[in-house]
Amino acid sequence: MKSVNAVWDEQSLGVKTCEVSIEQDDSADEIRAGLKELESEYRYIALKLPSTRPDLCFVISSSGYTFVEDMIFFEHDLHEIKRSELEQRFYDSVKVERMKDQDFPALFAEIDAGSFAFDRISVDPYFSKEASARRFHHWLLDEKKRGAIFMKASYKGEMSGFFTIRDTGDGVYNSALGGSFMKFRHTGIGINNQTPEIVKSLGGRKLVIGVSTNNMSQIRAVTRNGFFPVRANHVYIRHTDTKL
């Protein structure tokens, strides 16, 4: 079991936060003892359990943790995406280019309006919507500092979405953040259509993304565009200052 002091989330949420990753060979007794120790130090704990250890779901739940989402990780080998005639028209109607500094206020405004309220913070009644948006702001700025490329999508001259891509080494790119703006959510212009092509143009060989099961429209979009699921984590949380 690995634990990390999530200082980046503490800045946004205002509570001392820990992220826990359960490993494949962890035993139930080791997990109970480790969590008990962490619970005396942290007020908010987010725990990731690999889907290959479903036997531990009961251990986690009985320890006072609440399930909030599954996080599914997809890969794309950058093969050519075959589209129907209608899908191709949608694809051609969207212009994708690098974001400029003047594009970020529109993105932050969209976040503040709740356009990306799918994460474990936004669905948690313990936290405010403002805290969720603030966390997303910080996450974006952290990705920018880490060298991520920010791309924007535009439909008929209006910004319709965005995504990030970051080279993690050996030709593998990660897209940690992205999505369509609320106004365009059900128009069929699916923002992830263009991501593999952008990565390929940069010389990449593989693209990795993670999608929450709270965001089924995004899961449909990535599977329709040639992404393949490779692993998943069950995500649980606990507020240690609330009664069981």
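Available extension along the chain between Arg205 and Asp29 is 59.3 nm, counting 0.36 nm per residue and deducting the alpha carbon span.
Computed over the Cα atoms of region 33-167, what is the ratio Rg over Rh, Rh following Kirkwood?
1.05
The residues of the chain have, on average, 51 Å² of accessible surface per residue, using a 1.4 Å probe with all protein chains present.
Taking a quarter of the surface of the Cα convex hull of region 171-244 gives a mean projected area of 7.3 nm². Of the solvent-accessible surface of the chain, computed with a 1.4 Å probe over protein heavy atoms with every protein chain present, carbon and sulfur atoms account for 52 percent. For region 142-239, DSSP calls about 75 percent of its internal beta bridges antiparallel. Considering only alpha-carbon pairs that sit under 8 angstrom and 6 or more positions apart, the relative contact order computed for the chain is 31 percent. In the chain, helices alone account for a calculated mean residue ellipticity at 222 nm of -9000 deg cm²/dmol, with every DSSP H run of four or more residues adding -39,500 (n - 2.57).
Annotation for Ser62 and Ser217: the two label points, set 7 Å from Cα along the Cα-Cβ direction, are 4.1 nm apart. Partner lysines whose Cα lies under 29 Å from the Cα of Lys156, excluding those fewer than 8 positions away in the same chain, are identified as Lys82, Lys95, Lys100, Lys144, Lys183, Lys200.
Excluding residues on the same chain fewer than 8 positions from Lys206, give the aspartates and glutamates whose Cα lies under 13 Å from its Cα. The qualifying aspartates and glutamates are Glu75, Asp77, Glu80, Asp167, Asp170, Glu197.
One way to sum up the overall shape of region 1-54 is the equivalent ellipsoid from its Cα gyration tensor, whose semi-axes run 22, 12, 7 Å, largest first.
Sorted into 10 angstrom bins from 0, the C-alpha pair distances of the chain split as 7, 29, 34, 21, 8, 1 percent.
The values are calculated or read from the model by the stated rules, or taken from the named source; none is laboratory data. Small disclaimer: the values here were computed from a predicted structure and weren't measured. Note that we place each Cβ from the backbone using ideal geometry, even for glycine, and neighbour counts take in every protein chain shown. With ligands, DNA and RNA removed, areas are computed over all heavy atoms of the protein, side chains included. Shrake-Rupley method; radii C 1.70, N 1.55, O 1.52, S 1.80 Å.
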